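The values are calculated or read from the model by the stated rules, or taken from the named source; none is laboratory data. Predicted model only: the values in this text are computed from it and were never measured. Positions of Cβ are generated from backbone atoms using ideal geometry, with glycine treated the same way; all protein chains shown enter the neighbour counts. These accessible areas exclude ligands, DNA and RNA; they are computed on the full protein's heavy atoms, side chains included. Shrake-Rupley method; radii C 1.70, N 1.55, O 1.52, S 1.80 Å.
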Protein chains: 2
Amino acid sequence: MGNVIWVFDTTLRDGEQTPGASLTVDEKVSVAKQLARLRVDVIEAGFPAASPGEADAVKRVASEVGGTKGAPAIAALARCVPADVTVAAAALEPAARRQIHVFIATSDIHITHKLRSTRPEVLDRIRSCVAQARRLVGPDHEVEFSAEDASRTEVAFLLEAFEVAVSAGASVINVPDTVGYTEPKEFGGLVRQVVTLVGRRAIVSTHCHNDLGLATANTLAGIQAGARQVEVTINGLGERAGNASLEEVVMALRTRPGEFRGATTNVATEQITATSRLASFLTGIPVQPNKSIVGANAFAHESGIHQDGFLKNPLTYEIMTPESVGLSGSTLTLGKLSGRAGFDERLRQLGIHVEPDELDRLYGEAISLADRKKQVTDADLLALVEQHADPVPVLVELEHWATASRQGESSSGNVSIFYGGQTFRAFSGGNGPVDALLSAVDNALEQILGGRPRLVDYSLRSIGAGEDAQGEATVKIAAPAGDTDVPRTFTGHGLSTNVVEASLRAYLAAVNKLIAEHAVVANPATTAGSGA
Amino acid sequence: MGNVIWVFDTTLRDGEQTPGASLTVDEKVSVAKQLARLRVDVIEAGFPAASPGEADAVKRVASEVGGTKGAPAIAALARCVPADVTVAAAALEPAARRQIHVFIATSDIHITHKLRSTRPEVLDRIRSCVAQARRLVGPDHEVEFSAEDASRTEVAFLLEAFEVAVSAGASVINVPDTVGYTEPKEFGGLVRQVVTLVGRRAIVSTHCHNDLGLATANTLAGIQAGARQVEVTINGLGERAGNASLEEVVMALRTRPGEFRGATTNVATEQITATSRLASFLTGIPVQPNKSIVGANAFAHESGIHQDGFLKNPLTYEIMTPESVGLSGSTLTLGKLSGRAGFDERLRQLGIHVEPDELDRLYGEAISLADRKKQVTDADLLALVEQHADPVPVLVELEHWATASRQGESSSGNVSIFYGGQTFRAFSGGNGPVDALLSAVDNALEQILGGRPRLVDYSLRSIGAGEDAQGEATVKIAAPAGDTDVPRTFTGHGLSTNVVEASLRAYLAAVNKLIAEHAVVANPATTAGSGA
């Protein structure tokens, strides 16, 4: 395997811990499928002991994405607690390649204040839980041990803990900078000591947080020091300032192999842009324009000086090509779509993969958009495709809406909602048309659900330029107040040239996800069965 | 001065080169005033040779922000061209401390393909332009020389160029990683060689781009190698993936002094959050939630495990306090505002500085908001304050609007616009209420301007949660097509609990900035005079 670094993607575990980023099970499966196309080596699918829903999500990813030979290994997180390890092993069973990821904190501040334990107790727990994990997965799968807060752990004790873990059967040893505290020189030195101790018996791995903006650099310093696995996330998602970005680490290795012992990865870098967009879309967490590799401006050139040099020779200001990360160089517009063949061809050029039955629906939508909009652009097509990537159950449907507003007065809105074979009509006043219509929907939902969802976040952005541009609304809601069974948020999207329509669609999509999850939670027997 | 690192902020020069981030002169002055409160050492205000408007902006910053003793030094960029240096020196004249920043590319790829020149010619130009800059500013100010694309320049030639610059009078030698190509170990090694050569005769500086996500790490490696100035931007704004983030570099030094030779800065870190918000607001470039230090989630804790540890002891998961970057720990709501004293007190706690006459207007707006919204939160107050930070000339005013929409049909909108003592009425149909109303405004503007602005970008976000939340609209427009004198974009903001109202206000704000700039461009004599 030469010097191939394993890419361990934890978007679905650490990334999903981003506040407001929680995904439904269907959404997790959808992201995992794209991660498989990206050819990461390991997908950490979740933390099964957290809840039955989370265990179900891991099981479905293991089965639907990790079930075949050649698929990425599927990992599941477990505290150093026997029950956690058991649940993780069970959830991973459908996967062809499994990686149980056992962790416990080793820094004194965590041992004392969080675990309220002692160093000898921690070593005992590592020994027994790693051994348990190894017994459960057998010799053909991986057992990973992470020393949480490793970068603030006394080095002698950290090495002792790692020695215990390897002796107990760990095949991957992970060095997390949990609080994003370290810097490259220091972290490289630490990883080197770990590699010296256990590098012949286990794969050494890094897991770096970005609190000081150093996660990517620390990860790369780890590779320079001999690490052979890196834990990363798409778009750098994760707790607080997030994790090391997959796209930054992978493209740094590809762009500067000479600085990293010639290390490479198996990642299909041409899938980076598509994966970034999907993760941002489903979590509802935007990527800032000046984000490295995947930001909207990452390959844009503004100043006269740069444009001049760039036009003379792209190498003057570009160290990698947009095509290498799957960004279409072209932003040409389609005008009135040039027939079905031209449409299919354009999707292919954009690297978009759609199921054949979806293709017809998509073409119909694009044609209908071309009636309302002078030019259908690549950005429009990508936005349409993304709507289809969002797995929304349809339980509640919008039949009709109308609204009127004028300056200085309340707006009015009325809606008809179809649910369970019945139409519910409601109206409301509000501050502006969107508020009035969402309140009217809430009045209808109160009859259906016996409660009103809580609106947590709402945003709207234009897809491309022009007053006839499509608007894409993103809505985040939580379950009606008082319902503590489902404290999570649900993200819905809506796309339309009419911002009111886009907002209503997004709201209904989020509501449908919430209602679907409610049903699942209310009936745990169904949940356990659905992953089998 | 011990080991104090100079913080050279280039938000107004390199940051403003972010596509779509262009600022009006008033907006630049507003950002510069906040940078002075942040206590950066140098403000690079612009590139005066680029246009008369840019020269005016630099002159106004030099005069209004840099004119007093104790203010930051003001820097201006100049190519290695005699005319550029002359214009830069003139623009800096009102500043108490001046820094002319002369640059030329030194890498073979830039010399050959962009400059179409040779190494000896480049050395000649460095010698003559640095000497010219030194003559123009005299011995009491700084002359900085930058070797563009230094990280891809043959080291021997780079050192030769720097030797020439120092001999000709440069007091600051800058090592830019223009294309974001280097990594910390390599860049630290390069900076060390530069420090060895010229470190006793000049301040060595870094300027790192973030194409591979390594700008902050490279900057810090430069400090470890002896650099004493760092060029950075707020929010990491800048060409492509942007520059090293001021906030990341400064907080890394503050959090880990032992790793950086005890280096410190003069930055008032408590002003970081306010500065970040202002830069994002005026440029219209959002900060992603998982951005280090200044992202909305940077100090948020999501997962159960983290919350548990955090509640037991914040140090388990937090390496710096939110207060140290000026983030109010509290998110308490004000309810129906508890009187004028409570209001003033809350603003003070939030670290908000407002002129006394603004205070009354702000209080009135908050009271009026409390009538339409159950709870006025800190987020609402900050959003109100930001509206006042946006210097919008009032030339065109909205008198009235009304709109109606229903599913499956075009929306209608009508508006009355007041301009130059006259009311202009117009109506339009459109896809949804916002499209209809903006088109109606355009119809009115066509009578006023003889053209329609081009909508480049539109977005809307909720301030906090709840259906009664305020919406903040951001609109970017460009001048009517064909007008190549003003190819720049203008950003407008609007805040209202009614999304239609917010959108219209944002559009009118952008239009007013565009019209004001048009007048300036049409009459250069006025421009040149306004900075005196």
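Inspect the range B:69-85 for any residue being closer than 21 Å to B:K28 by Cα and open to solvent by 60 Å² or more (accessible area, probe 1.4 Å) and give the result as yes or no.
yes
List pairs: first residue in the range A:202-230 and within 16 Å of A:R152 (Cα to Cα) and facing another protein chain (nearest Cβ under 7 Å), second residue of a type in the set (V, I, T) and assigned to a loop (DSSP other than H, G, I, E, B) anywhere in the structure, Cβ distance under 7 angstrom, at least six positions apart or on different chains.
These pairs meet every condition: A:D211/A:V179; A:D211/B:I319.
Of everything in the range B:243-275 that's hydroxyl-bearing (S, T, Y) and open to solvent by less than 10 Å² (accessible area, probe 1.4 Å), which residue is nearest to the other protein chains (Cβ to nearest Cβ)?
Ranking the candidates gives B:S245 first.
Among the residues of the range A:26-37, is there at least one that is under 17 Å from A:R97 (Cβ atoms), in contact (Cβ under 8 Å) with a residue 40 or more places away in the chain, over 12 Å from the mean Cα position of the chain (by Cα) and open to solvent by less than 20 Å² (accessible area, probe 1.4 Å)?
No, because not a single residue in the range A:26-37 is under 17 Å from A:R97 (Cβ atoms), in contact (Cβ under 8 Å) with a residue 40 or more places away in the chain, over 12 Å from the mean Cα position of the chain (by Cα) and open to solvent by less than 20 Å² (accessible area, probe 1.4 Å).
Quick check on my filter: what residues within the range A:2-16 are crowded, with 24+ Cβ neighbours inside 10 Å and not acidic (D, E)?
If the condition is that a residue be crowded, with 24+ Cβ neighbours inside 10 Å and not acidic (D, E), then A:I5, A:V7, A:F8, A:T10, A:T11, A:L12, A:R13, A:G15 are the ones that fit.
Give me the pairs, please: first residue somewhere in the range B:131-149 and away from chain A (no Cβ under 14 Å) and touching a residue at least 60 places away in the same chain (Cβ under 8 Å), second residue anywhere and buried (at least 21 other Cβ atoms within 10 Å of the Cβ) and among the β-branched types (V, I, T), beta-carbon distance under 6 Å, and either six or more positions apart or on two chains.
Going by the 6 Å Cβ cut-off, the qualifying pairs are B:E142/B:V172; B:E144/B:V172.
For residues in the range A:93-130 being surrounded by 24 or more Cβ atoms within 10 Å (Cβ to Cβ) and of a type in the set (A, V, I, L, M), which is nearest to the other protein chains (Cβ to nearest Cβ)?
Here the answer is A:A105.
Could you tell me whether any residue of the range A:169-176 is more than 14 Å from every other protein chain (Cβ to nearest Cβ), in contact (Cβ under 8 Å) with a residue 12 or more places away in the chain and closer than 28 Å to B:N297 by Cα?
yes
Considering (1) crowded, with 24+ Cβ neighbours inside 10 Å; (2) assigned to a helix (DSSP H, G or I), say which one A:S205 fails and leave the rest.
Result: A:S205 fails condition (2) only.
Which fully enclosed strands (runs of 3 or more DSSP E) of the range B:372-470 have 1 or more residues being more than 9 Å from every other protein chain (Cβ to nearest Cβ) and at pLDDT below 90?
B:454-463
Does B:E365 fit the bill of being among the charged types (D, E, K, R), more than 12 Å from chain A (Cβ to nearest Cβ), surrounded by fewer than 19 Cβ atoms within 10 Å (Cβ to Cβ) and under 28 Å from the mean Cα position of the chain (by Cα)?
Spelling it out, B:E365 is indeed among the charged types (D, E, K, R), more than 12 Å from chain A (Cβ to nearest Cβ), surrounded by fewer than 19 Cβ atoms within 10 Å (Cβ to Cβ) and under 28 Å from the mean Cα position of the chain (by Cα).
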